[in-house]
Amino acid sequence: MAQQSLSSRQKKILSFIERFLEKNGYPPTIREIGEAVSIASTSVVNYNLNKLVERGFLERSPEVSRGLRLVKENAQEVPMRYAESASLLPVPLVGKIVASAPVPLPGEDFGYYYDTDDIIDVPQSLISRMPGDELFALRVNGDSMIDAMVADGDIVVLKRQNIAHNGDMVAVWLRERGEMTLKNYYNEGKQVRLQPANPTMDPIYVDATQVEVQGRVLAVLRTLH
């Protein structure tokens, strides 16, 4: 099986799947593949995956969201650890959050409404036995939490809650400013200190009555940049 028979797009998809498997031990979803290779349409990703199957580079299990199996040129399977569907928890990806200086997000109220297509599969091992209906995910914009291993483009999985303890990494809505951000939380009495994990950035001080905690970060899903 020569890769010369593949289009440049199919080569990029295959390369991403290989890197993702090596890093995570389980295959990516169609949505993750599309984001990695800049294809907005999941149907286009699906079409190219089917072409890779036809040419013998992949095997697919349509019943499982991560049902991809990489095949070597000698038709032997590449050794890997697969995430069984029973060990994956569907979590809604409800939007984006800025992990830098807060910026206005008009209309953002964290009302927990989301497109049912925007679902990510999260390994249960990352979130212990947390019930799925208590979880949501956000894609991070910015690098203020880089020293906490949260980079621009990563996805954070959060537990819905409106309280936080000092040191928790939380998504907060700043009511008076109409802004949202991801920071480490510290209650200092009449004010709250929102501390970035980046030595080049200063903390944000906000009146405690104007801070609404929306969720606490449980896990970070690293994206390949």
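The values are calculated or read from the model by the stated rules, or taken from the named source; none is laboratory data. Predicted model, so just to flag it, every value in this text is computed and none were measured. Cβ placement follows ideal geometry from the backbone for every residue including glycine, while neighbour counts extend to all protein chains displayed. For accessibility, only protein heavy atoms count, side chains too; no ligands or nucleic acids. Shrake-Rupley method; radii C 1.70, N 1.55, O 1.52, S 1.80 Å.
Apply 1/(1 + (r/R0)^6) to the Cβ-Cβ distance of Gln210 and Met149, taking R0 = 41 Å, and write down the FRET efficiency to the nearest 0.05. The calculated FRET efficiency here is 0.90.
Taking the protein heavy atoms of region 144-199 in the context of the full set of protein chains, the accessible area attributed to carbon and sulfur is 47 percent at 1.4 Å.
Among the listed pairs Lys11/Lys159; Lys159/Lys190; Lys23/Lys183, a Cα-Cα separation exceeding 30 Å is found for Lys11/Lys159. If I model a spin label at Gln191 and Arg222 as a point 7 Å from the Cα along the Cα→Cβ vector, what separation in nanometres do I get? For Gln191 paired with Arg222, the spin-label model returns 3.6 nm.
Within the shell of other residues whose beta carbon sits under 11 angstrom from the beta carbon of Asn187, the net charge comes to 0, with Lys and Arg scored +1 and Asp and Glu -1. Think of a 1.4 Å ball rolled over the protein heavy atoms: region 130-225 then has 46 Å² of accessible area per residue.
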